[in-house]
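Colleague: Take a look at this one; I'll ask things after.
The values are calculated or read from the model by the stated rules, or taken from the named source; none is laboratory data. If you're wondering where the values come from, they're calculated on a predicted model, not measured in any experiment. Ideal geometry is used to build each Cβ from the backbone, glycine not excepted, and the neighbour counts take in all protein chains shown. We work out accessible area using only protein heavy atoms, side chains counted, and drop any ligands, DNA or RNA first. Shrake-Rupley method; radii C 1.70, N 1.55, O 1.52, S 1.80 Å.
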Amino acid sequence: MEDPVIAEQLEQFETVSDEIVKNVTGRAAASGEGLALAYFSLFMMATVPIFWGSFRSVVYHRTSKENGEKVEKMTTKDVYMFPLMASAMLFGIYCVVKYLSAEHLNLVVGSYFFVVGTLALTAILRPVVGMIPGSQLLLENDLYHMKFNKGTMIYFEVKFDLLHIVALVVSAAFGVWYLLKKHWLANNLFGLAFSVNGIEMISLGSVKNGCILLSLLFFYDIFWVFGTEVMVMVAKNLDAPIKVLFPMDFFEKGVFGSNFAMLGLGDIVLPGVFIALLLRYDLSKGEGSHFYFYAASRPTSSALLSLSGY
């Protein structure tokens with residue numbers, strides 16, 4: 001039989017421990033099962049876009065080359081400037097959040113990400129819509145072509161079909177859900193769409209550029225995340241799909257949980273862009289080997305697993 005005095009002391013100890021965890025981390029303590037599920041979910045939401053986006057990048061670059069379209073590539077100067085520009089933007093957002101009003105900033109940012117997120121999700125859903133039985137009937141129509149130009153100067157050009165329109169309507173519905181509810185599932189849909197599209201379209205230009213960029217961003221993260229409160233404050237107060245979330249209290253509250261673990265999109269896209277470059281290099285050799293792709297993927301997966309627990 002358990003001593004009631006000891007039981008009371010244990011209960012008080014657990015309460016104090018939970019308060020300490022909340023004061024240190026800024027969030028309530030979670031159960032071991034909740035932590036494990038949240039971290040595993042973040043890990044999967046990081047690795048799947050990297051692999052998916054990498055293989056999509058192969059198709060994107062091949063199609064662009066076949067159509068005679070130029071793929072924009074980062075130069076060495078761009079690589080060196082990237083951490084500086086990112087730092088300036090991050091600190092600017094931090095100043096607005098801390099000294100002005102995060103509410104007004106979130107209103108502007110939310111509207112922007114509604115538009116951009118809808119377009120990004122449309123690009124992801126278009127192939128999915130094409131898998132629905134009967135959807136191929138919509139492809140009997142010719143492509144629509146929208147172009148804004150002045151003489152030979154083309155300012156905007158886009159080609160789309162009816163499947164794009166269907167995907168756009170579905171994506172806009174998710175966008176409205178995100179604007180009205182700011183639910184973490186809607187946030188993740190947009191965040192994952194941004195990740196896949198970013199990995200697909202961003203080109204580092206060379207392995208050298210990739211190594212330089214990742215090395216610079218290593219120190220960038222150390223300074224802004226661990227050396228200051230800037231990154232954490234922006235991530236917690238900027239209500240935008242710049243991170244993926246999963247509730248650590250999922251077992252208690254389900255999809256309505258509010259005690260979130262998070263992982264920034266930068267931790268997905270930036271290593272993903274480098275891995276996509278290595279995959280394209282592997283395939284360019286024509287040997288059917290994925291040596292460099294898998295060699296980089298394994299340590300990246302391990303790193304993401306540890307970051308998911310941040």
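Colleague: Once the cut-off is 24 Å, how many percent of the Cα-Cα pairs in the range 113-253 end up in the long-distance tail?
Modeller: Distances greater than 24 Å cover 53 percent of the Cα pairs.
Colleague: Using only alpha-carbon positions, what ratio does the radius of gyration of the range 186-300 give when scaled by 2.2 N^0.38 Å?
Modeller: Its radius of gyration relative to the 2.2 N^0.38 Å reference: 1.26.
Colleague: Here's something else I'd like to know. Report in % the part of the accessible area of the range 170-227 that belongs to carbon and sulfur, leaving out ligands and nucleic acids; probe 1.4 Å.
Modeller: It is 78 percent, rounded to a whole number.
Colleague: Residue 71 versus residue 251, label points 7 Å from Cα toward the beta carbon: distance in nm?
Modeller: 4.5 nm
Colleague: Next question, about the same structure. Given the convex hull of the Cα atoms of the range 175-215, what is a quarter of its surface area in nm²?
Modeller: Averaged projected area of the range 175-215's Cα convex hull equals 3.8 nm².
Colleague: Any chance you could tell me what percent of the C-alpha pair distances in the range 253-293 go past 17 Å?
Modeller: The answer is 54 percent, as a whole percent.
Colleague: Now, a different point. Hydropathy at least 0.0 by Kyte-Doolittle, axial extent at least 18 angstrom from the Cα trace: which helices of the chain, defined as entire DSSP H runs, fit?
Modeller: Result, helices passing both filters: 32-66, 76-99, 102-130, 162-181, 184-201, 207-221, 266-284, 291-307.
Colleague: To continue, here is another question. How much accessible area does residue 239 have with a 1.4 Å probe, in Å² rounded to the nearest 10?
Modeller: About 60 Å², ignoring ligands and nucleic acids.
Colleague: Oh, and also: For the range 219-271, calculate the relative contact order in percent as a whole number, restricting contacts to Cα pairs under 8 Å that are 6 or more residues apart.
Modeller: 26 percent
Colleague: Next question. What percent does the relative contact order of the range 136-228 come to when contacts are Cα pairs within less than 8 Å and at least six residues apart?
Modeller: In percent, rounded to a whole number, it is 14.
Colleague: Right, something else. Report the far tail of the P(r) of the chain, meaning the percent of Cα-Cα pairs longer than 31 Å.
Modeller: 40 percent
Colleague: Of the cross-linked pairs 208/285; 181/253; 70/285; 182/208, which ones have a Cα-Cα span greater than 28 Å in the structure shown?
Modeller: 182/208, as the Cα separations exceed 28 Å there.
Colleague: Further question on the same structure: How big is the equivalent ellipsoid of the range 55-132 along its three axes, where each semi-axis is √(5λ) from the Cα gyration tensor, reported in whole Å from largest to smallest?
Modeller: Over the Cα atoms of the range 55-132, the ellipsoid semi-axes are 33, 23, 8 Å.
Colleague: Place +1 on the Cβ of every Lys and Arg and -1 on the Cβ of every Asp and Glu in the chain, take the dipole about the Cα centre, and give the residue among 218, 152, 48 whose Cα lies farthest towards its positive end.
Modeller: Of the candidates, 152 comes out farthest on the positive side.
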